[in-house]
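The values are calculated or read from the model by the stated rules, or taken from the named source; none is laboratory data. No experiment lies behind these values; they were computed from the predicted model shown. Please note: Cβ atoms are built from the backbone with ideal geometry, for glycine as well, and neighbour counts cover all protein chains shown. Protein only, heavy atoms only, side chains kept; ligands, DNA and RNA dropped before computing areas. Shrake-Rupley method; radii C 1.70, N 1.55, O 1.52, S 1.80 Å.
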Amino acid sequence: MNKLVIEGGVKLKGEVTISGAKNAVLPIMAASLLTDDACVIKGVPDLRDTNTMIKILRSLGKGVEFDKGIVTVTALKNTNYVADYKLVSTMRASFCVLGPLLGKLKKAKVSLPGGCVIGVRPVDLHLKGVRALGADISIESGYVLAKADKLKGAYIYLGGVYGSSVLATDNVMMAAVLANGHTIIEAAACEPEVVDLAEFLIKMGAKINGQGTPIIEIEGVGHLHGVVHTIIPDRIEAGTMMLAALITKGDILIKNVLPRHLGVLIDKLEEAGANIVKSNNSIHMRYRKPLNAVNITTLPYPGFPTDMQAQMMSLMSITPGITIITEKIYPDRFMHVSELNRMGAHIQREGPHAIVEGVKALSGAPVMASDLRASASLLLAGLAARGKTSISRIYHLERGYENIEEKLGKLGAKIWREKE
Ligand code: EPZ
């Protein structure tokens, strides 16, 4: 296995172009199961997760080509409705094939995704939603078996104890678009990636209103056709690059980004004293003066994204003052705390809170990635730290950041791979 090595202390300078959003393209590729026509999806990042979803679509009988950021999905004869454990267990997002399989074939057998280091990751809301549409659900040997003679539109309250659910909203939307009648999803997720999926479905001929708000309304149709669609930019990659500019005291022009998807992060960084210059598809992030500590609480969109919590913790770990980070989506999403402390950070975990006391500087050290965004936080810390940092288990990072070494290297970072 490889590890990533960073010689810290370089001020990153230059331009970087953001890739397509991982969390938009995964459900959108699943949505191609709703038609036998060809679907052309552009702006697809070459990631572990996108390649896993391609394997899953092929296992379900789809033809899939992936070339130069373009995924073309075509129907093959033998449509299969079983999403196998060995693929689903490697990527939780594969559970979002449940809705389209049910919508198109009225049956699905999908492995339960299981938990991961950031939390238990239940699927009760997904099952509540498809049951409300008329599906019979049973759990057998770790699989969800779903079937329905027909699906009927329904009112569904989809809020859980932690608020709205992104992939549950996606699954229910994809099951409802071919159901008979009218569906209302209340407490729907409002993330831009849910909106992008809705736009894709509308282009296929679905009738959807309210995407991006807590109330989504769907009028079932009889058939969905092929489509050409370009994925929105990845707001989490963009946010990570914004913090890379600040943590290294650099100056980065971030291109192919939609500032309107990053409202709360921009607001928080301006509260911390950063100067951010925005255009409609770029953000210029230039370090001007020391930041001040700001408190963070993660919430469903448009609140502070949990997927930026670990990265923000790295920045606050070398910002003078005390920062309280409260994780309301995944209260255990703090695997990065112990690794940052190994680099000299002063962070104390108190239940769903982390108390960060800013230190002058971090020092490079061998650290271990535990999940996708924790690896991003260690990468940021390594870029700022004095000396050399080596990050092992970087397959976590490869799940969600396309060509990250190349992008950072072009900005001046001293970053390379070594054999473990
Ligand atoms: C999506 O996961 C993202 N993944 C996650 O990004 C992201 O952290 C998460 O949304 C929250 O924004 C993709 O889009 C592929 P949820 P998802 O259902 O949909 C609870 C990354 O780093 N919940 O919105 O699986 C759940 O436990 C990944 O890119 C239930 O209780 O997350 C959590 O506390 C990590 N019951 C909260 O809701 C359910 O049935 C929000 O989870 C489903 C979820």
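Couple of notes before you dig in:
- Close amide H contacts of Arg399 (hydrogens built in the peptide plane, cut-off under 5 Å, sequence separation of 5 or more or a different chain): Arg48.
- Under the simplified labelling scheme, the Asn295-Thr17 pair shows an inter-label distance of 4.2 nm, with each label point 7 Å from Cα along Cα→Cβ.
- By accessible area with a 1.4 Å probe, ligands and nucleic acids excluded, highest first: order of Glu199, Glu398: Glu199, Glu398
- Distance from the alpha carbon centroid of segment 301-328 to that of segment 166-194 works out to 29 angstrom.
- Annotation for segment 108-152 versus segment 38-86: alpha-carbon center distance of 21 Å.
- Note on Val277 and Ser138: the model spin-label points, each 7 Å out from Cα along the C-beta direction, lie 6.4 nm apart.
- If you look at the Cα atoms of the chain, you get an Rg and a Dmax of 21.3, 64 Å.
- The residues packed around Val294, meaning those with a beta-carbon under 13 Å from its beta-carbon, carry a net charge of -2 if Lys and Arg are +1 and Asp and Glu are -1.
- In nm, spacing of pseudo-spin labels at His223 and Trp416 (7 Å Cα→C-beta vector): 5.9 nm
- Distant-in-sequence amide contacts of Ala21, defined by a placed amide H-H separation under 5 Å and a gap of 5 or more residues or a different chain, comprise Ile232, Asp234.
- Share antiparallel - DSSP beta bridges, the chain, percent rounded to 5: 70 percent
- Net charge dipole, the chain: roughly 660 debye, given to the nearest 20, about the Cα centre with Cβ charges of +1 for Lys and Arg and -1 for Asp and Glu.
- Among the trypsin sites (Lys or Arg not before Pro) found in segment 36-143, those both in a DSSP coil and sparsely packed, with 15 or fewer other Cβ atoms within 10 Å of their Cβ, are Lys68, Lys77.
- The listed residues Met368, Met313, once ranked by accessible area (1.4 Å probe) with the largest placed first, stand as Met368, Met313.
- Solvent-accessible surface ranking, highest first, for Asp371, Asp84 at 1.4 angstrom: Asp84, Asp371
- Values of log10 I(q)/I(0), in the order q = 0.09, 0.12, 0.14 Å⁻¹, for segment 292-420 under a Debye, Cα-only, solvent-free model: -0.24, -0.42, -0.58
- The convex hull around the C-alpha trace of segment 224-303, projected and averaged over every direction, spans 6.6 square nanometres.
- Backbone geometry of segment 58-66 corresponds, through the Karplus equation with coefficients 6.51, -1.76 and 1.60 at θ = phi - 60°, to 3J(HN,Hα) couplings of 5, 5, 8, x, 8, x, 9, 10, 9 Hz, x marking Gly and Pro.
- Calculated FRET efficiency, Asn80 to Asp267, Cβ-Cβ distance, R0 = 41 Å: about 0.35 to the nearest 0.05.
- Solvent accessible area, Å² - Thr72, 1.4 Å probe, full protein context: 40 Å²
- Subset of Lys13/Lys278; Lys13/Lys249; Lys289/Lys410 violating a 21 Å alpha-carbon distance limit: Lys289/Lys410
- Size descriptors for segment 10-117 (Cα atoms only): Rg and Dmax, in that order, 15.1, 55 Å.
- FRET efficiency, Met1 to Glu186 (Cβ-Cβ, R0 51 Å, nearest 0.05): 0.65
- Based on protein heavy atoms only, segment 298-403 ends up with 35 Å² per residue of surface accessible to a 1.4 Å probe.
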